[in-house]
1. Over the chain, average the accessible area per residue using a 1.4 Å probe and give it in Å², no decimals.
2. Two decimals, Cα atoms only, Kirkwood Rh: what is Rg/Rh over the range 1-134?
3. Tell me, what is the percent relative contact order of the chain, built from C-alpha pairs under 8 Å that lie six or more residues apart?
4. At R0 = 51 Å, how high is the FRET efficiency between SER251 and ASP34 if r is their beta carbon distance? Nearest 0.05 is fine.
5. Report, to the nearest whole %, how much of the accessible area of the range 173-246 belongs to carbon and sulfur atoms, 1.4 Å probe, protein only.
6. Cα convex hull of the range 126-257: mean projected area in nm², to one decimal?
7. Along the Cα-to-C-beta direction of ASN218, a point sits 7 Å from the Cα; which residues of the range 193-208 have their amide N less than 18 Å from that point?
8. Which FRET efficiency value, to the nearest 0.05, do you get for GLU151 and SER2 by plugging their Cβ-Cβ distance into 1/(1 + (r/R0)^6) with R0 = 25 Å?
Amino acid sequence: MSIAYQGIAGAWSHLACRAVHPQREAMPCPSFEDVFETVESGGADLAMIPIENNLGGRVADIHQLLPHQSLHIVAEHFQPVRHELLAVRGASEEQLRAVYSHPQALAQCRRFLRERGLEPRAASDTAAAAERVAQRGDPTVGAIASRLAGELYQLASLRSDIQDEYRNTTRFIVLARERNEAPPDAAARYISALWFQLRSVPAALYKALGAFATNNVNLTKLESYIGTQRFDRARFYVEIEGHETDEPVRSALEELEYFTELARLLGSFPQHQFRRQTNTP
């Protein structure tokens, strides 16, 4: 009963594992590739993968990795992210000259860093940044990480909630070796995720998206990236409303095959309650 994540103890992926599956052992992995391989080989049951943040955008590498692994998306999780400015005990905010963190966290605190003239420095994850600062013992270098990371690596919190927007949220997906086989709950709403590579013909994207339009299937996400070494094919990561067994979704996926060279359904999973929350101030 374990769930793998990228990073070390105290990383936001670690906190997401604890929030979604507190009863499972959280297994740290050095890279996203290692997370996928750990679950595919049976070393862990589930994977917790961040894919996007409402401030920092999509997480680099994930959409390039998803087509090349065999796991299935079985759930999603929206994790509130409240960053702490951490430093060695006895240091002050005025002493800081540089701050380590994951590039996503640095992007989420861009305005905060710029206004204070702090040099952003990239680390493999937020908790690793905190560990590095603790090991160096330099009062001029800080880290952006979670409160848990500060506690684990015995750092002082110089300031809380330093993200540029209070409603800072990272979306995670949970992956497993087996797909969701249980019949869909009639009372639940679902998201289905897939990726495809278009045929190199005129209006291929227009016709491919028409498969969803003609079947009244709503797209909630469409992201493109180059899928070949010659830059002559585009791949798309798509999320749609509905379960893969819904007749409109099935019809749309069948029609999509006429305009794609490669395609794979990554999974159907219940919509997280975050999607149903109103955006009140």
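The values are calculated or read from the model by the stated rules, or taken from the named source; none is laboratory data. Keep in mind that this is a model prediction, so the values were computed, not measured. FYI the Cβ positions are ideal-geometry reconstructions off the backbone, even for glycines, and counts take in every protein chain you see. Ligands, DNA and RNA are stripped out before the accessible areas are found, and what is left, the full protein with its side chains, is counted by its heavy atoms. Shrake-Rupley method; radii C 1.70, N 1.55, O 1.52, S 1.80 Å.
1. Numbers: 13870 Å² over 281 residues.
Using a 1.4 Å probe on heavy atoms only, each residue of the chain averages 49 Å².
2. 1.00
3. Numbers: 609 pairs, mean separation 60.0, N = 281.
In percent, rounded to a whole number, it is 21.
4. 0.85
5. On the range 173-246, the fraction of accessible area on carbon and sulfur atoms equals 50 percent.
6. 13.7
7. It comes to 193-194, nothing else.
8. Working from the Cβ atoms, E equals 0.60.
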